[in-house]
Amino acid sequence: LIRWGTRAEQETLIGTLADIAGQVERRDFKPPAVIVVGEVVRQRERLAWMEGKPLFGLRVLVTRARAQASELADRIEELGGEPYEYPVIETRMPASGDIEADITRALEQAESYDWVLLTSVNGVDYFFRWLERCGTDIRRFHRAKFAAVGPKTAEALAARGIRADLQPPVYTAEGLLDELSARSAMEPGQRVLLPRGNLARDVLPEELERRGATAVGIDVYETAPVGAEDAFLLELLRQERIDVVTFTSSSTVRGLLDALRRLGAEDPAALLGRSAIACIGPVTAATARQCGLRVDVTAQASTIEGLVDALKSYKPSIPLVGEEQDRT
């Protein structure tokens with residue numbers, strides 16, 4: 001008997017015609033379910049490919065912006081989990097005319113920069129959008145070196161024909177600063193362009209200025225909260241049917257809490273406390289804790305694959321009890 005087949009709640013009972021009814025009664029095993037009878041059941045142990053996947057039995061909430069959610073959702077599904085997508089942020093071009101004037105002015109000085117530091121894939125994407133919008137040729141940055149905070153950011157640069165001159169082993173702003181110091185790559189008096197989002201932390205510009213560099217920060221994109229009406233999500237959380245909530249940035253933490261308030265949750269942090277909390281890295285984890293959340297999983301590498309690896313390590317095993325398989 002297979003209940004809720006292909007869902008995170010899937011449960012399976014194996015028995016004979018003589019004992020299966022007793023198993024159903026003891027386990028309070030109710031529909032929806034299908035029954036498979038015959039010799040084919042003997043093939044189950046060999047063919048139980050789904051149950052053997054590392055995330056089988058987990059329903060995972062994905063809170064990334066819709067344009068980026070598919071990578072994480074696809075990996076969860078490939079590994080046997082059930083992703084539930086609920087984007088809580090979106091990125092967009094800044095609406096303020098003053099910001100546009102600041103970006104235009106900064107790009108007009110392209111020849112003056114010694115470094116361009118990019119701290120996200122979004123930063124790369126929107127930086128090149130602004131280059132096109134302002135009619136600025138990337139070749140005008142001929143004296144500048146480019147740094148990428150992590151491999152995905154470096155890949156986004158490489159896709160546009162630029163190889164990163166520097167990439168730190170720790171994919172954070174602090175890691176980027178440490179790598180610049182380790183290579184003696186930053187000197188007093190140098191000019192550094194920081195294309196980033198409006199919610200970026202100030203650690204990079206403040207530390208660069210402290211070291212004698214001139215940091216020119218431009219908000220090439222802004223992060224805005226979203227969150228559709230979704231009463232079903234609220235019910236899933238209340239019924240403890242979301243096993244893991246994933247956060248890929250500090251803005252997704254704040255965005256989900258705000259969205260849950262709009263949906264009617266009186267205490268969003270307590271509601272999320274019924275699920276495991278998984279964060280892409282230490283900065284996001286720190287934000288989650290500041291917001292009153294218990295963090296259960298923190299990726300060692302601040303990437304989507306690092307987060308997936310952390311989920312695989314956290315996933316509880318599914319024990320076999322006699323002939324019955326329990327979902328835990």
Residues to consider are PRO31, PRO54; find the one that is farther than 19 Å from ILE242 by Cβ and part of a loop (DSSP other than H, G, I, E, B). PRO31
When THR63 is run through (1) at pLDDT 90 or above; (2) over 30 Å from THR284 (Cα atoms); (3) surrounded by 13 or more Cβ atoms within 10 Å (Cβ to Cβ); (4) not hydrophobic (A, V, I, L, M, F, W, C), the failure sits at (2)
Pick from GLY306, GLY255, GLY292: which is of a type outside the set (Ser, Thr, Tyr), on the phi > 0 side of the Ramachandran plot and not in a strand (DSSP E or B)? GLY292
What number of residues in region 66-95 are open to solvent by 20 Å² or more (accessible area, probe 1.4 Å), among the small types (Gly, Ala, Ser) and either in contact with a Leu (Cβ under 9 Å, 6 or more places away or on another chain) or within 29 Å of LEU1 (Cβ to Cβ) (or both)? 0
Looking only at strands (runs of 3 or more DSSP E) that lie completely in region 130-249, which have at least 1 residues being at negative phi and without any contact (Cβ under 8 Å) to a residue 60 or more places away in the chain? 145-148, 214-225
Filter region 242-255 down to residues that are out of contact with any Cys (no Cβ under 9 Å at 6 or more places or on another chain), open to solvent by less than 30 Å² (accessible area, probe 1.4 Å) and more than 18 Å from ALA200 (Cα to Cα), then give me how many there are. 3
Inside region 256-276, the number of residues satisfying the requirement of being open to solvent by 20 Å² or more (accessible area, probe 1.4 Å) and without any contact (Cβ under 8 Å) to a residue 60 or more places away in the chain is 10
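This table checks each residue for (1) within 22 Å of ALA101 (Cβ to Cβ); (2) among the basic types (Lys, Arg).
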{"position": "GLU174", "(1), (2)": "no, no"}
{"position": "LEU180", "(1), (2)": "no, no"}
{"position": "GLN190", "(1), (2)": "no, no"}
{"position": "ARG196", "(1), (2)": "yes, yes"}
{"position": "LEU199", "(1), (2)": "yes, no"}
{"position": "GLY227", "(1), (2)": "no, no"}
{"position": "LEU234", "(1), (2)": "no, no"}
{"position": "ARG238", "(1), (2)": "no, yes"}
Filter region 117-142 down to residues that are of a type in the set (Gly, Ala, Ser) and open to solvent by less than 50 Å² (accessible area, probe 1.4 Å) and give me whichever is nearest to the chain's Cα centre (by Cα). SER120
Test result for GLU11, in contact with a Lys or Arg (Cβ under 9 Å, 6 or more places away or on another chain) and modelled with pLDDT under 90: yes
On the given criteria, is GLU45 part of a helix (DSSP H, G or I), charged (D, E, K, R) and surrounded by 12 or more Cβ atoms within 10 Å (Cβ to Cβ)? no
Specify the residue that is surrounded by the fewest Cβ atoms within 10 Å (Cβ to Cβ); the eligible residues are those in region 96-116 that are over 10 Å from ARG140 (Cα atoms), among the hydrophobic types (A, V, I, L, M, F, W, C) and out of contact with any Asp or Glu (no Cβ under 9 Å at 6 or more places or on another chain). ALA101
Answer from VAL34, VAL60 - the residue that is closer than 23 Å to GLY15 by Cα, touching a residue at least 12 places away in the same chain (Cβ under 8 Å) and β-branched (Val, Ile, Thr): VAL34
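To keep it simple, each residue is scored yes or no on (1) surrounded by 10 or more Cβ atoms within 10 Å (Cβ to Cβ); (2) under 21 Å from GLU77 (Cβ atoms).
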residue	(1), (2)
TRP4	yes, yes
ALA8	yes, yes
THR12	yes, yes
GLY15	yes, no
ALA21	yes, no
GLU25	no, no
ALA33	yes, no
VAL36	yes, no
VAL41	yes, no
Sole residue being more than 21 Å from the chain's Cα centre (by Cα) and either among the aliphatic types (A, V, I, L, M) or farther than 26 Å from ILE277 by Cα (or both), chosen from LEU199, LEU263, LEU234, LEU257: LEU263
Exactly one condition in (1) open to solvent by less than 20 Å² (accessible area, probe 1.4 Å); (2) over 19 Å from ASP202 (Cβ atoms); (3) of a type outside the set (S, T, N, Q) is false for ALA158; which is it? (1)
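The values are calculated or read from the model by the stated rules, or taken from the named source; none is laboratory data. Because the structure is predicted, anything quoted here is derived from the model rather than measured. Note that each Cβ is placed from the backbone with ideal geometry, even for glycine, and that neighbours are counted across all protein chains shown. SASA here: full protein model, heavy atoms, side chains in, ligands and nucleic acids out. Shrake-Rupley method; radii C 1.70, N 1.55, O 1.52, S 1.80 Å.
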